[in-house]
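Structure first, commentary second.
Values quoted throughout were computed directly from the atomic coordinates according to the rules given, and no laboratory measurement underlies them. Everything quoted here is computed from the prediction, not taken from an experiment. Positions of Cβ are backbone-derived with ideal geometry, glycine not excepted, and every protein chain shown enters the neighbour counts.
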Amino acid sequence: MKTKANKQKVPTSPPPIIFSKFLSIVDVFSFVNKTAILQEAKCFNDSQINDKKCRLLLTRIVYLINQGERFLEVESTSLFFSITKLFQSNNYDLRRMIYLMIKELKSESSIYIITSSLTKDMNSKIDLFRMNALRTIPIIIDPSNLLQIERYIKNAINDKNPGIANAALLSGLHIFAGNRDLVKKWSNEILEKLTSKYPACHYHALVLLHEIKKHDTMSFIKVLVSLTKEPTTNIANIQLIRFIKEVLLGQETDIVTEKVNFSNIFRFIYPNFI
């Protein structure tokens, strides 16, 4: 008998993938060039500021800078002064881009204008502007002008808004490297922030206080011992253990202080440790 051969299904190849719909997608930065950017930057001088248009243009300028594009001194100065006119807008996203740009384009000739603009923002009723200005000011400010804005930073440490207080503490950390004596005057305000329930604020206060008192070991040990007796945030506890280790390894301390420090380290690691 003739048997019918088992017909096997021949595997068919999958249908070809059509990529034509993807070909229309073009990188928005593909055709960015310095000449076009400088021409478009004239919109910064418009009486009616288009927030979205200016923000996107600033984004493209940042892209060019990150790609290694160099602006001539004349171009950079002209661009910078045009950007400062955008401070008239209260758009939050645009203001962030302005802060980013003045960091990139700052020069000695523009310090006065930057300081004036940032000082205005540090006294603004908008908390976001105050926080961003406090973070930016130590990066671009000239050391000779610090005395003019020192009181604003000091007052901001005592602000009820923890975000503003934290921004002021970060500003202090940046300033401390070149102006130790100035920041040491804020010791009382920084000590008060060690009781803050805001984790970042508490942490940065502890780090800044360590910078101020690290050459006065006994004074810093008193601060550490007082902190181990009170509940603190997790991130502050971790930093506290590091500082206790630094004291124990770096300086000779009395036996009582060592016992207190070690017992509290165990308390942090094992909350139920007796």
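Things to note:
- Order of 74, 247 - criterion: other Cβ atoms within 10 Å of each residue's Cβ, fewest first: 74, 247
- Ordering 51, 216 by the number of other Cβ atoms within 10 Å of each residue's own Cβ, fewest first, gives 216, 51.
- The residue among 166, 145, 240 whose Cα reaches farthest toward the positive pole of the charge dipole of segment 136-243, with charges on the beta-carbon of Lys, Arg, Asp and Glu, is 240.
- In nm, spacing of pseudo-spin labels at residue 155 and residue 120 (7 Å Cα→C-beta vector): 1.8
- This ranking places 105, 56 by how few other beta-carbon atoms lie within 10 Å of each, fewest first, which gives 56, 105.
- Summing charges over neighbours of residue 139, with a neighbour being any other residue whose Cβ is under 10 Å away from its Cβ, gives +3 when K and R count +1 and D and E count -1.
- Multiplying the residue separation of residue 103 and residue 135 by 0.36 nm and subtracting their alpha-carbon distance yields 10.4 nm.
- Shown here for segment 86-156: trypsin sites (Lys or Arg not before Pro) in loop regions (DSSP other than H, G, I, E, B) with at most 10 other Cβ atoms within 10 Å, namely 125.
- Taking a ≥ b ≥ c as the square roots of the eigenvalues of the alpha carbon gyration tensor, segment 58-109 is oblate, as a/c is not under 1.5 and a/b does not beat b/c.
- Our coupling estimate for segment 49-59, obtained by passing each phi through the Karplus curve with A = 6.51, B = -1.76, C = 1.60 and θ = phi - 60°, is 7, 8, 4, 5, 4, 5, 5, 5, 5, 5, 4 Hz, Gly and Pro reported as x.
- Grouping the Cα pair distances of segment 125-226 into 5 Å bins from zero gives a pair-distance distribution of 2, 14, 26, 25, 19, 9, 4, 1, 0 percent in increasing distance order.
- Extension gain from residue 47 to residue 72, taking 0.36 nm per residue of separation minus the Cα-Cα distance: 6.3 nm
- Taking label points 7 Å from Cα along the Cα-to-Cβ direction, residue 40 and residue 248 give a separation of 5.8 nm.
- Placing dummy labels 7 Å off each Cα toward the beta-carbon, the span from residue 65 to residue 127 is 2.8 nm.
- Full extension of the chain between residue 56 and residue 187 yields a length gain of 42.9 nm, computed as 0.36 nm times the residue separation minus the alpha carbon distance.
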